[in-house]
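Trainee: Quick one: this structure, given as structure tokens, is what I'll be asking you about.
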Amino acid sequence: MHDLVVVGAGPYGLSVAAHAAAAGWDVRVLGRTMASWRDHMPEGMFLKSEPWASNLSDPAGSHTLAAYCATRGLPAEHGNPLPIGVFTDYGRWFGERVGPAVEEKTVSALAPQAGGYRLETADGETLLSRTVVLAVGVMPFVRLPEALTGLPAELATHSSDHRDLSRFRDRDVTVVGAGQAALETAALLAEQGARTRVVARAAHVNWNTVPQPLERSPWRSLRDPHCGLGTGWPSWVWSQTPWAVRRLPAAARLRITDTALGPAGAWWLRDRFESRVPVLLGHQLLAAEPAGEGLRLSLTGPGGDTTTVDTDHVVAATGFIPDVDRLTLLDPALRDTLRTVGDSRAPDLGARFESSSPGLFFAGLLTAPTFGPSMRFVYGATFTAARLAEGVRRRLGTRRLTAVPAPAAGANGTPAARGSGTSGGAARDGR
């Protein structure tokens, strides 16, 4: 029986695995490395967060995005957005150096078993583990407007369905939403030669301002502090004190998760977007019906009037909803008995990310209703990994606690030796 199985190999899963490997546990990591970033984001996108706020977490803190960029001669500077491809490659580089080898397997079933959990993979393997971390990313939690559910993929998709937007060249595409995913997808579509518009419920598009210098006067820093989620005291609280958010009443946590750090576009996207993409503000999608080879959309405007728009395709950039019922791999009895946050379907977690089912831990989006909005961003992986690893350590008990020193980093930021005690063998590319 393994000590720990990590399901998922995105920023959260890789970070947890790095801490587990350094602790000397028998750990396996199952999934596809950086799958959401590699497979579900259009080519040409950029990382919205600052490089220094986009690190994965290892115990030594040496395998940062800046360290990776230094090995490739790439800039990792404040105020200089990095391509998504660079971040994806960083995640793979990180996983190859500080964790067990990631196994590209899909977990199809998870159920309690005496002393732990039984996991089954799509290729027929059965694993037993004392503890499990579900770090499954965002793809199980895609949110589609009700008007688009049931439509074929030829007519309506979610923004996460696309890696290559070139197939929309010379076609009319409507993007629904007003956040970064909607605005950047629309700009990329226009740059690929599509006729693009954005439909947004909001009365105006919010744009982030150009980031202030990291080095500022004490007075300016006090008035508007920098943090991993931007600037300002509210963002500072969400980024620096997830533990305090967890202590709030459930209704307050859910309200914060739903409203804090709302939809906004990156400052560097604004010129590209506004010069190419028209926006229907204050409009809500009521219905979508096939019409000819495309769709006819019914929208309500600011005054309640109805407008129709004919389009070839709709892309819904409408985010993700943390809902444990979407995790079909969970045994139904286990899923139904998990304690949840308030009237949501997000798991209610202890201070170290353990659910009400002993030994079952969660990381990533599903933890936002417990710990706050930082869990929606890569930045939250550092808080999560250390705390969650401590929770696993406590669950395993002191008999498993032979710590393995973190490998020393060489001059180029790569480790001199890999930590022992993992189940993986040599690191390999892939999940």
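The values are calculated or read from the model by the stated rules, or taken from the named source; none is laboratory data. This one's a predicted model, so the numbers in the text were calculated from it and none came from an experiment. Cβ: placed from backbone, ideal geometry, glycine included. Neighbour counts: every protein chain shown. Accessible surface is based on the protein model in full, side chains and every heavy atom, while ligands, DNA and RNA are left aside. Shrake-Rupley method; radii C 1.70, N 1.55, O 1.52, S 1.80 Å.
Trainee: Val102's amide H: which non-local residues (gap 5+, or another chain) put their own amide H closer than 5 Å, with H modeled 1.01 Å from N in plane and none for Pro or chain starts?
Mentor: Sorted by chain and number, the residues that satisfy this are Arg428.
Trainee: A further question on this structure: As an exercise, use a Förster radius of 22 Å and the Cβ-Cβ distance of Glu77 and Glu43 to find the FRET efficiency, rounded to the nearest 0.05.
Mentor: Values: r = 23 Å, r/R0 = 1.03.
Efficiency at R0 = 22 Å is approximately 0.45.
Trainee: Protein chains only, probe 1.4 Å: how do Trp93, Trp268 rank by accessible area, largest first?
Mentor: Values: Trp93 5, Trp268 40 Å².
Reading off the accessible areas and sorting them downward yields Trp268, Trp93.
Trainee: What Kirkwood radius, in Å to one decimal, follows from the Cα pairs of the chain?
Mentor: 22.7 Å
Trainee: Oh, and also: Given a Förster distance of 35 Å, report the FRET efficiency between Ala66 and Ala291 from their Cβ-Cβ distance, rounded to the nearest 0.05. Walk me through the numbers on the way to the answer.
Mentor: Working: r = 51 Å, r/R0 = 1.45.
For R0 = 35 Å, the calculated efficiency reads 0.10.
Trainee: Further, regarding this structure: Just how much of Glu390 is accessible, in Å², when a 1.4 Å probe is used and the result is rounded to the nearest 10?
Mentor: 50 Å²
Trainee: Pull out a ≥ b ≥ c, the square roots of the eigenvalues of the alpha-carbon gyration tensor of the range 282-328, then state rounded if a/c is under 1.5, prolate if not and a/b is larger than b/c, and oblate in the remaining case. List each step's numbers first, then the result.
Mentor: Working: a/c = 3.12, a/b = 1.55, b/c = 2.01.
It comes out oblate by the Cα gyration axes.
Trainee: For the range 113-175 and the range 266-328, what is the centre-to-centre distance using only Cα atoms, to the nearest Å?
Mentor: 20 Å
Trainee: Report the rotationally averaged projected area of the range 271-354 based on its alpha-carbon convex hull, in square nanometres. Numbers along the way, then the final one.
Mentor: Values: hull surface 42.5 nm².
Mean projected area for the range 271-354: 10.6 nm², to one decimal.
Trainee: Could you state how much accessible area Ile256 has, in square angstrom rounded to the nearest 10, with a 1.4 Å probe and all protein chains kept in place?
Mentor: 20 Å²
Trainee: Then there is this: Beyond 14 Å, what share of the Cα-Cα pairs of the range 1-83 remains, rounded to the nearest whole percent?
Mentor: Details: 2352 of 3403 pairs.
Tail fraction, whole percent: 69.
Trainee: What does the extension gain come out to for Glu191 and Glu390, with contour length at 0.36 nm per residue minus their alpha carbon separation? Kindly include the intermediate steps, with their values, before the conclusion.
Mentor: Numbers: separation 199, 0.36 × 199 = 71.64 nm, distance 4.69 nm.
Contour length minus Cα-Cα distance gives 66.9 nm.
Trainee: Going 7 Å from the Cα of Arg167 toward and past its Cβ, which residues in the range 294-322 have a backbone nitrogen under 14 Å from where you end up?
Mentor: The answer is 313-315.
Trainee: Go ahead and run the numbers for FRET between Arg143 and Asp123, Cβ-Cβ distance against an R0 of 25 Å, rounding to 0.05.
Mentor: Working: r = 30 Å, r/R0 = 1.21.
Efficiency, from the Cβ-Cβ distance: 0.25.
Trainee: What number in nm² do you get for the range 201-309 if you take the convex hull of its Cα atoms and divide its surface by four? Write out the running numbers ahead of the final one.
Mentor: On the way: hull surface 43.8 nm².
Result: 10.9 nm².
Trainee: Next question, about the same structure. Between Ala109 and Gln284, 0.36 nm times their residue separation minus their Cα-Cα distance comes to what?
Mentor: Numbers: separation 175, 0.36 × 175 = 63.00 nm, distance 3.83 nm.
Result for the pair: 59.2 nm of gain on full extension.
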